[in-house]
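Taking it in order: structure first as structure tokens, then the write-up.
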Amino acid sequence: MTYSSYLALDEVLAAQRPRSDEHDELLFIVIHQVYELWFKQMLHELTGLQNRLETGDTPRALHTLGRVLAILKVAVAQVDVLETMTPRQFTSFRGRLDASSGFQSEQFRELEATLGRRDRRVFEHYPEGSAGRERIAAAMSRPSVFDSYLRYLGTQGYDVPVAALERDLSTPWEPSPDVQQLLLALTPTTAAPPRSPNGSSTSTRASRSGATAT
């Protein structure tokens, strides 16, 4: 086993196949292939996050959520690299890509469904019986991350409405006043007053000074 063989670098580095001689096309390919790798990792992490939420494993769920957020930051930052390509540089090879588009990314659509999107029109654009279509349809039929979060709240003793826990998972989420009230009750609305070096809050010190003044 070597570094190269473990990472299958021969296959990975041979997967960039520009359709033109334009210098910037390689960057375009690499950026989007890296996006697909991050999508794969996020789907993997979100599956783990949902499992940990539904079993009430708070520490590991928080750790996994932190990893997902870190990956998202890196994915968004890649736009800075892509923006070094000017529109003229892009159009120099865009015509050779035919009708291909990032909107055709199967993993991106699966990621959307995992995060809660429910729209049958999305996977109906993919060929009947294709692996991509089946993955997207399956993601739209199982609990989303939000569904798993509600189940997590149930494991922690919160009174989650039964209708929210037993809803049809293949349909879009419908607003629920009861769920909204539960989430609002979990959201801190006021920050604790800042504390002075001696440990007392600034509001307490202010009240004391006011009492002394009077």
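Every number in this text was worked out from the coordinates using simple rules, so none of it is lab data. For clarity, every value in this text was computed on a predicted model and none was experimentally measured. Because the Cβ atoms are built from the backbone with ideal geometry, glycine has one as well, and the counts that use them run over all protein chains shown.
Summary table
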{"read-out": "Spatial separation of Cα centroids for region 156-191 and region 79-140, in angstrom", "value": "31 Å"}
{"read-out": "Residue order, fewest to most surrounding Cβ atoms within 10 angstrom, among R133, R60, R121", "value": "R121, R60, R133"}
{"read-out": "Computed lengthening from T47 to A14, 0.36 nm per intervening residue step minus Cα-Cα distance", "value": "8.9 nm"}
{"read-out": "Fully extended contour minus Cα-Cα distance, from F108 to D80, at 0.36 nm per residue", "value": "8.1 nm"}
{"read-out": "Order of K40, K73 - criterion: other Cβ atoms within 10 Å of each residue's Cβ, fewest first", "value": "K73, K40"}
{"read-out": "Cβ-based charge dipole, the chain, positive-most Cα from A138, S92, G157", "value": "G157"}
{"read-out": "For the chain, calculated [θ]222 nm from helices alone, where every DSSP H run of n ≥ 4 adds -39500 (n - 2.57)", "value": "-18500 deg cm²/dmol"}
{"read-out": "Relative contact order [Cα under 8 Å, 6+ residues apart], region 1-91, whole percent", "value": "28 percent"}
{"read-out": "Net dipole in debye of the chain [+1 Lys, Arg Cβ; -1 Asp, Glu Cβ; about Cα centre; nearest 20]", "value": "840 debye"}
{"read-out": "Estimated dipole of region 29-137 in Debye, rounded to 20 [Cβ of Lys and Arg +1, of Asp and Glu -1, Cα centre]", "value": "140 debye"}
{"read-out": "Choice from E54, E11, E166 showing the highest fluctuation, given a GNM over the chain with Cα pairs closer than 10 Å", "value": "E11"}
{"read-out": "Which labelled figure in [x] 12.7; [y] 11.8; [z] 21.6 is mean projected area of the Cα convex hull in nm², once derived from the coordinates", "value": "[z]"}
{"read-out": "Within a Gaussian network of the chain (alpha carbon springs, distance under 10 Å), most fluctuating of Q107, Q180, Q33", "value": "Q180"}
